[in-house]
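K.L.:
Have a look at the structure that comes next, please.
The values are calculated or read from the model by the stated rules, or taken from the named source; none is laboratory data. Computed from a predicted structure; not experimentally measured. All Cβ positions, even for glycine, are placed from backbone atoms using ideal geometry, and neighbour counts span all protein chains on display. Just so you know, the surface numbers come from the protein's heavy atoms only, side chains and all, with ligands and any DNA or RNA stripped out. Shrake-Rupley method; radii C 1.70, N 1.55, O 1.52, S 1.80 Å.
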Amino acid sequence: MLENLTTRLASVIKNIRGQARLTEDNIQDALREVRMALLEADVALPVVKDFINDVKQKALGVEVLQSLTPGQAFIGVVHNELTALMGTTHVGINLATTPPAIILMAGLQGSGKTTSSGKLAKLLTEQMKKKVLLVSCDVYRPAAIEQLKTLASQLGVDFFPSTGEQKPLDIALAAQDYAKKHYHDVLIVDTAGRLGIDEVMMNEISELHRSLNPVETLFVVDAMQGQDAINTARAFNDTLPLTGIILTKLDGDSRGGAALSVRHVTGKPIKFIGVGEKLTGLEAFHPERMASRVLG
Ligand code: GDP
């Protein structure tokens, strides 16, 4: 198994401890280790290159304060750069529109869209006191519609029924109409995913987006997908004006590689992270905390 990023960076940092100051020579090994660690953590190559260049420039320019060892100074630079790459501050959900605020969920099958729709409904209902309506447009998998219905009933959140015989757009528009009439603040639209990028799926979600004009278009991506997460993110970002990302399954693997590259490729904020299968397993994404987690 690959060594995880945390362990690798810990050993890098150990290696340069006790050095008098940061120089081109003595950070060379450390930079190489960071580069390897990021690549092994499935961070995309262009992201890794940019990151290494930034860290190098900043590390060489930095004045090592007397209270710090050069090693600590290096850790600080790596940490700051990681934080900057991941977005610096937490960006919350945007509901600033005429109700119902529509949240369109996009992503591959199995990424965690339906689960995240339920988690988001819970958060909006309980923490933000919003009246939420859930709808599924996954007409290809009746089980997915049932799954969302079950989540809605567990949460006591309204659910707009749909069937496999309907068209996704008809379902969504009917749900929007229903939400308007019943004064829902938020309509969460779960959509069909595929196992890979597929033109029919992309056309379908583009059409949903054009007609619904959602205030949030959230790309749901599995953090365990590694390099594939980058390609998926690029494809969805090219097709849809994404407003944010939900990075799921961060409970399964502690490496934060996907967070770095998905953010870099899309330029969109990661708004939430999925940290478990339960409906309570959704947390706000904090770049600073993620950087610390990546560094260990
Ligand atoms: P969808 O096809 O995109 O709607 O994906 P689902 O919501 O059905 O999720 C696929 C699988 O991933 C299910 O077994 C979920 O329980 C699981 N899952 C979703 N989010 C998370 C998460 O944050 N952590 C873990 N461990 N599992 C998750």
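K.L.:
In segment 102-112, which residues are under 14 Å from the mean Cα position of the chain (by Cα) and either over 16 Å from Lys278 (Cβ atoms) or open to solvent by less than 10 Å² (accessible area, probe 1.4 Å) (or both)? Working first, answer last.
P.N.:
At the first step, the residues of segment 102-112 found to be under 14 Å from the mean Cα position of the chain (by Cα) are 105-108, 111-112.
Listed by number, the residues that qualify are Met105, Ala106, Gly107, Leu108, Ser111.
K.L.:
What pairs can you find where one residue is in segment 231-249 and touching a residue at least 60 places away in the same chain (Cβ under 8 Å), the other is open to solvent by 70 Å² or more (accessible area, probe 1.4 Å) and assigned to a loop (DSSP other than H, G, I, E, B), and their Cβ atoms are less than 7 Å apart, with a gap of 6+ or different chains?
P.N.:
Pairs that qualify, where the first residue is touching a residue at least 60 places away in the same chain (Cβ under 8 Å) and the partner is open to solvent by 70 Å² or more (accessible area, probe 1.4 Å) and assigned to a loop (DSSP other than H, G, I, E, B), are Thr232/Ile197.
K.L.:
Across segment 120-146, which residue is nearest to the ligand (Cβ to nearest atom) among those that are open to solvent by 10 Å² or more (accessible area, probe 1.4 Å) and under 26 Å from Arg234 (Cα atoms)?
P.N.:
Ranking the candidates gives Arg141 first.
K.L.:
May I pose another question? Consider Val186 against the criteria (1) at pLDDT below 90; (2) open to solvent by less than 40 Å² (accessible area, probe 1.4 Å); (3) hydrophobic (A, V, I, L, M, F, W, C): it satisfies all of them except one. Which criterion is unmet?
P.N.:
Result: Val186 passes all but (1).
K.L.:
Could you give every pair whose Cβ atoms fall below 7 Å, whose first residue belongs to segment 47-59 and is open to solvent by 90 Å² or more (accessible area, probe 1.4 Å), and whose second residue is not small (Gly, Ala, Ser), counting only separations of at least 6 or pairs across chains?
P.N.:
If the second residue must be not small (Gly, Ala, Ser), the pairs left are Lys58/Val77; Lys58/Glu81.
K.L.:
When you scan segment 155-174, how many residues do you find that are under 26 Å from the mean Cα position of the chain (by Cα) and aliphatic (A, V, I, L, M)?
P.N.:
4
K.L.:
Is it the case that segment 84-95 has a residue that's within 16 Å of the ligand (Cβ to nearest atom), under 22 Å from Ile171 (Cα atoms) and out of contact with any Pro (no Cβ under 8 Å at 6 or more places or on another chain)? Lay out the reasoning, then the answer.
P.N.:
As a first pass, look at segment 84-95 and keep what is within 16 Å of the ligand (Cβ to nearest atom): none.
No, because not a single residue in segment 84-95 is within 16 Å of the ligand (Cβ to nearest atom), under 22 Å from Ile171 (Cα atoms) and out of contact with any Pro (no Cβ under 8 Å at 6 or more places or on another chain).
K.L.:
Tally time: how many residues in segment 239-280 are touching a helix residue (DSSP H, G or I) at 6+ places or on another chain (Cβ under 7 Å), β-branched (Val, Ile, Thr) and closer than 19 Å to His209 by Cα?
P.N.:
4
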